[in-house]
Amino acid sequence: MDVIETAAWWAIEQPGWVERVFERHVSDDGRCTGCGSYRPVPWPCVLVVIARRAQELIELGRAQRGGVGERPAPRRPAPMRPRVPGQRVTPGAA
Ligand SMILES: [Zn+2]
């Protein structure tokens, strides 16, 4: 699972996050207006990429559930706990 995918899943959990990114992070002559003002960031910035993916996942979930609900249906990683890949937490193991 790559970082964009993981971040997109996280973004879905944040109410209004995707909409805010699309509102604020728009192209101004190929630069992102929402990212650091002191340093030009090429558009689409990483947040836009994440927001696009999140939107895709949301729409995918809606399509699968017949247009009901905000949460996508496909299998998902645990969203609340960032985990290092390969590192396993085994409850009970000493
Ligand atoms: Zn941006």
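Just so you know, all these numbers are worked out from the coordinates, no wet-lab data involved. Just so you know, these numbers come straight off a predicted model, no measurement behind them. Glycine gets a Cβ as well: all are built from the backbone with ideal geometry, and neighbour counts include every protein chain shown.
If R0 equals 30 Å, the separation of the Cβ atoms of ARG31 and ARG65 corresponds to a calculated FRET efficiency of about 0.20. Backbone phi angles across the stretch 12-18, fed through the Karplus curve with coefficients 6.51, -1.76 and 1.60 (θ = phi - 60°), yield HN-Hα couplings of 4, 6, 9, x, x, 4, 4 Hz in residue order; Gly and Pro are listed as x. The mean sequence separation of alpha-carbon pairs under 8 Å and at least six residues apart, normalised by the residue count of the stretch 3-64, gives a relative contact order of 39 percent. Pairs of C-alpha atoms in the stretch 3-64 farther apart than 13 Å represent 59 percent of all such pairs. Placing unit charges on the Cβ atoms of the charged side chains and taking the dipole of the stretch 3-64 about its Cα centre, the candidate lying farthest along the positive direction among ILE58, VAL41, ILE12 is VAL41.
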